[in-house]
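J.: First the structure, which I've put down as structure tokens, then a few questions once you've had a look.
Just so you know, all these numbers are worked out from the coordinates, no wet-lab data involved. All figures in this text were calculated on a predicted structure; none of them were measured in a lab. As a convention, Cβ positions derive from the backbone with ideal geometry for all residues, glycine included, and neighbour counts pool all protein chains shown.
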Amino acid sequence: MGRAALGACAATLAALVVSGCGTVGLSEASEGDVVRGKELFVEGCAQCHVLADAGSPGVIGPNLDDAFSQARADGLGETTIQSVVRTQIAYPVEEPTTGLPGMPADIYTGDDAESVAAYVASVAGLPTAGGAPSSDDDGGTGTGTDTSPPDGEGQVDGAGVFAEAGCGSCHTFEAAGATGTIGPNLDESMPSKELAVERVTEGMGAMPSFADQLSPEQIAAVADYVAANAG
């Protein structure tokens, strides 16, 4: 591929994934802890972005596999992709024209931001190499959220569902130590169990439905947990 075409590809990719507000310089291949980056991505990014290796079903932000697969095919290197992602973290689109919630500023900084960028650059647009959970791992939900008790005994851990489904990446909820700013602050809105069940099951606005990812028992458990602890 010619240099001009590759440059156009990189420019198009940057326009799609980053806002163009600025840059933080080129990342070095040695920068960033990929293992730590995956942990941080699952905690703070998975509910907004699709990334096959993380098993994330996000529907708000760009699909990172789609965004980078063609760029890789066109010859864009991993270090360049890491720099693009790092810049997006530093200069997010906080008020997108789509009307959907934007990406919070400073969701990660410093070494944490570099680690997330390194992780995304190492897997985005590539065939999954075992990072995403299989149906055998999570009871068929495809999300890795399996907090159901064995053989139907006992009770589902609502706090565990909240954490593993990534609710804290979008919602502030003091009981869970969550500080997300995309969705409503649950301590302020204090939803009833019935409303929480409805929202988790059906979704609303930018919040997707979790009906295909969580069992009715898990939804009831997380709704109980939120209703009992909000505020």
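J.: Shape verdict for segment 144-229, please, from the Cα gyration tensor: rounded (a/c under 1.5), prolate (a/b greater than b/c) or oblate.
T.: prolate
J.: Figure the gain on full extension for Thr79 and Leu195 (residue separation times 0.36 nm, minus the Cα-Cα span) and round it to one decimal in nm.
T.: 37.3 nm
J.: What's the ranking of 215-227, 61-73 by average number of surrounding C-beta atoms within 10 Å, highest first?
T.: 215-227, 61-73
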